[in-house]
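The values are calculated or read from the model by the stated rules, or taken from the named source; none is laboratory data. These numbers were taken from a predicted model, which means no experiment stands behind them. A quick note on method: Cβ atoms are made from the backbone with ideal geometry, for glycine too, and the neighbour counts reach across all protein chains shown. The accessibility values were calculated without ligands, DNA or RNA, using every heavy atom of the protein model including side chains. Shrake-Rupley method; radii C 1.70, N 1.55, O 1.52, S 1.80 Å.
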Amino acid sequence: MLFRFLPLTVKTFQGKTCSNLSSRNFKILLRSGAVSNGSYEIPARQYYKIPHSEVPQASFSFLTVDLRSDTVTKPGAAMRRAMAEAEVGDDVFGEDPTVNELQRQMAELLGTEDTLFVPSGTMGNLISVMCHCSERGAELLVGDESHIHLYEQGGTSQLAGVHPRTLMTLPDGTFDLNELEYKICHNYPDPHYPRTCLICLESTHNMKGGCVLPLSFFKEIRTIADKYKLAVHLDGARLLNAAVSLNIQPSEIVQYCDSVMMCFSKAVGAPVGSIIGGSKDFIQKAVRMRKALGGGMRQVGVLAAAALEAMSDAMERLKADHLNARRFAEGLPQQCHWYSVYISRLAVA
C-alpha cells in the first residue's frame, strides 16, 4: 500500500477547495468509497461506522480516485472469462487441474520445491507459522509494526499457541540484528522459557509505506537463522513489487527463506487467493493445517484461473505501475497537513 487515504480531486466540494477539507472528511469519503452518478451514497456494508450526521449529503462536483488499497480492483472481461471456462476438480483430493497448474507455475517463479493455494494471506501466514512452530508455546520473532503482528488478530497466539516476541521496526522495514540475536531465547530448554523457532520478515513493508527490504538484510538474517537453527518466513503479500523494485526475480529473494506467502488479490489484481511456498515436507504439513483452519476448497479452479490470468503478465504490468506511482508521487506536494510522500522509500523504482 503506497498511499493511505489519498484522494485525487480536481474541483470543489460545498464551495471549498479540497485542500481546505479536514483530514476526517477525507477519510470519511475514502472509507465509504461511494461516488455514484455525481452524488454521495452510504454503502450497505461499512468497515468503519460513520454517524449519519457526519456524512456529507450534498452532491459532488469532482471525481474521487480510490487509492485506499490495491485490493479494491475488480476482475476484467478476460479474467471473468478465464474463471467461467476454468477446468475444475476436487482440490481437497488434489484433483483440480487449474489449481495444480497454478501451484506448479508459482513453485517455479518462487524457486521453491512446492506451493499451496490458500484463501487469504492471513491464512497463509498463519499456516506457515503453525508449520514452523509445531509445539504450543514456541516463540517467533517479528517486527512490532509487521502485518502479522498488527493486522492478523493475533492469530499466531490465538489459534496457533505461538508466543510472539517483537523487534523494533526501523524506518526502512528492517530491524537491528543485534536486537534480533539478543532476543533469541538462549535459555531453552530451561523449563521457564519458550523455544525460539521462527523469524518473520515482511517485504514490501506495509506500515513503512511499501519499503523493500534489501537483499543484504535477507543474507544477514539467513546467517543468524542458520547459526541458531531457526526458520525464516517471508510475508511477501506484495513480493512481486519488491522483485520489480530490485530488478530481480522473486526467487532471488525467496532463496533466503524457508517459506513465503504471496497474495494474488493485491498487486496483481485477482479477486481472491494467496500462495505459500516451501519445501515438499513443509507443504505436506501446510495441507493439513489448511484443512484444520477450514481452508480446504473443492472446485476452486474458478479462483485459481483468475490468479493464473493475473500472473500471465504481472511483472510487466507492475513495472508500469511503479512508473505511474512515481510520476504521481512526484507530482504531489511533498508535505500536506494530512499526508506525506516519501518517494525514496517507496517500492516504485
Cross-chain or 6+ apart pairs with Cβ under 6 Å, the stretch 68-83 first and part of a helix (DSSP H, G or I), then among the hydrophobic types (A, V, I, L, M, F, W, C) | ASP70/ALA267; MET79/ALA306; ALA82/ALA305; MET83/VAL302; MET83/ALA305; MET83/ALA306
Evaluate the following for ILE199: is it more than 23 Å from THR122 (Cβ to Cβ) and open to solvent by less than 20 Å² (accessible area, probe 1.4 Å)?
-> no
Per the list (1) touching a residue at least 40 places away in the same chain (Cβ under 8 Å); (2) of a type in the set (Phe, Trp, Tyr); (3) open to solvent by 30 Å² or more (accessible area, probe 1.4 Å), residue check on PHE264 breaks on (3)
PRO171: assigned to a loop (DSSP other than H, G, I, E, B) and open to solvent by 10 Å² or more (accessible area, probe 1.4 Å), yes or no?
-> yes
Check VAL55 against each of (1) in contact with a helix residue (DSSP H, G or I) (Cβ under 8 Å, 6 or more places away or on another chain); (2) at pLDDT below 85; (3) open to solvent by 70 Å² or more (accessible area, probe 1.4 Å) and name the one condition it does not meet.
-> (3)
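Looking only at helices (runs of 4 or more DSSP H) that lie completely in the stretch 198-274, which have at least 3 residues being more than 16 Å from the chain's Cα centre (by Cα)?
Details: elements: 215-227, 239-246, 250-254.
In the stretch 198-274, 215-227 are the helices (runs of 4 or more DSSP H) which contain 3 or more residues that are more than 16 Å from the chain's Cα centre (by Cα).
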Exactly one of ASN247, ASN206, ASN241 is open to solvent by 50 Å² or more (accessible area, probe 1.4 Å) and touching a residue at least 12 places away in the same chain (Cβ under 8 Å), and that residue is ASN247
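With the requirement that a residue be open to solvent by 30 Å² or more (accessible area, probe 1.4 Å), assigned to a loop (DSSP other than H, G, I, E, B) and not charged (D, E, K, R), what does the stretch 84-94 give you?
VAL88, GLY94
Please specify each residue of the stretch 275-294 satisfying the condition of being open to solvent by 50 Å² or more (accessible area, probe 1.4 Å) and not in a loop (DSSP other than H, G, I, E, B). Explain how you work it out, then say what you get.
If we filter the stretch 275-294 for residues that are open to solvent by 50 Å² or more (accessible area, probe 1.4 Å), which is where we start, we get 280-281, 284-285, 287-289, 291-294.
Residues satisfying the conditions are LYS280, ASP281, GLN284, LYS285, VAL287, ARG288, MET289, LYS291, ALA292.
Determine, yes or no, whether MET123 is touching a residue at least 24 places away in the same chain (Cβ under 8 Å), more than 17 Å from the chain's Cα centre (by Cα) and open to solvent by 10 Å² or more (accessible area, probe 1.4 Å).
no
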Out of the residues in the stretch 300-316 that are surrounded by 18 or more Cβ atoms within 10 Å (Cβ to Cβ) and not hydrophobic (A, V, I, L, M, F, W, C), which is farthest from ALA286 (Cα to Cα)?
-> GLU309
